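Accompanying notes for the structure given below.
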Amino acid sequence: MQAEEEAQFQSFVAARWNHLVRTAYLLTGDPHDAEDVTQAALAKAYRSWRRVARMDSPEAYVRRMLVTCNSDRFRKRRVAERLTDSVPDTSVGDRAAQWADERGALMEALAQLPARQRAVVVMRYWEDLSEAETADVLGCSQGTVKSQASKALAKLRAWPGLDRIATRSEGAVL
């Protein structure tokens with residue numbers, strides 16, 4: 001890679017890193033996995049940056065790589081999580097604790113969705129992509145995006161704890 005292309009790639013990463021990691025976090029549900037998935041996607045983008053940079057939307061292409069890398073991690077052997085008997089003590093304000101509870105409930109609900117439904121929800125409602133853009137990113141038809149979104153939202157609406165969040169939020173998707 002030449003110096004100009006290297007600088008262009010570094011600029012892209014600096015500008016989009018946080019956004020890509022947040023998207024990956026919503027896909028994975030784990031901050032460490034999110035960074036790993038983002039790094040894997042950017043490593044693939046780096047290897048073919050000359051081609052990626054010439055595309056109409058390099059970010060859309062890298063986002064698709066992100067979804068693919070997330071799917072790839074399910075094909076690999078997973079390490080079981082170790083659960084504890086008690087929650088660690090923390091001291092936070094009432095509103096901060098409420099936000100943490102809401103975020104935890106949402107992340108728990110997202111984690112229960114099948115990977116494809118979770119990806120559709122993240123792309124449609126977090127990334128705010130159209131159905132056509134989501135279908136392109138996920139490599140499926142718009143009908144699949146519609147049906148997966150419908151099924152996912154129905155599951156999220158039925159998830160305990162999310163109903164109180166949705167009623168407090170104006171214009172909530174759920």
Largest to smallest accessible area among T68, T38 [probe 1.4 Å]
T68, T38
A53/D85 FRET efficiency (R0 45 Å; Cβ-Cβ; nearest 0.05):
0.30
For A158 and S141, extending 7 Å from Cα along the Cα-Cβ vector and measuring point to point gives, in nm, a value of 2.5 nm
Sorted by average packing, counted as other Cβ atoms within 10 angstrom per residue and highest first, what order do 136-149, 112-125 take?
112-125, 136-149
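Percent of accessible area on region 17-63 owned by carbon and sulfur, 1.4 Å probe?
Carbon and sulfur atoms account for 48 percent of the accessible area of region 17-63.
With r defined as the distance between the Cβ atoms of E108 and A132 and R0 fixed at 25 Å, what FRET efficiency is calculated, to the nearest 0.05? Write out the running numbers ahead of the final one.
Numbers: r = 30 Å, r/R0 = 1.21.
Computed FRET efficiency for E108 and A132: 0.25.
For V62, what is the net charge nearby, where nearby means another residue's Cβ is under 10 Å from its Cβ and Lys, Arg count +1, Asp, Glu -1? Please report the intermediate quantities before stating the final value.
Values: positive: R16, K44, R63, R64; negative: E59.
The answer is +3.
Could you work out the local net charge near R16, counting Lys and Arg as +1, Asp and Glu as -1, over the other residues with Cβ closer than 15 Å to its Cβ?
Details: positive: R22, K44, R63, R64; negative: E35, E59, E127.
Around R16, the charge tally is +1.
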Can you compute the modelled spin-label distance between E4 and A60, with each label point 7 Å from Cα toward Cβ, in nm?
2.5 nm
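If I take R0 = 25 Å and measure r between the Cβ atoms of S150 and D30 in this structure, what FRET efficiency does the formula 1/(1 + (r/R0)^6) give, to the nearest 0.05?
The computed FRET efficiency comes out at 0.40.
The values are calculated or read from the model by the stated rules, or taken from the named source; none is laboratory data. Predicted, not measured: the structure shown is a model, and the values here were computed from it. With ideal geometry, Cβ positions are generated from the backbone for all residues, glycine too; neighbour counts draw on all protein chains shown. Areas reflect the complete protein model, heavy atoms only, side chains present, ligands, DNA and RNA absent. Shrake-Rupley method; radii C 1.70, N 1.55, O 1.52, S 1.80 Å.
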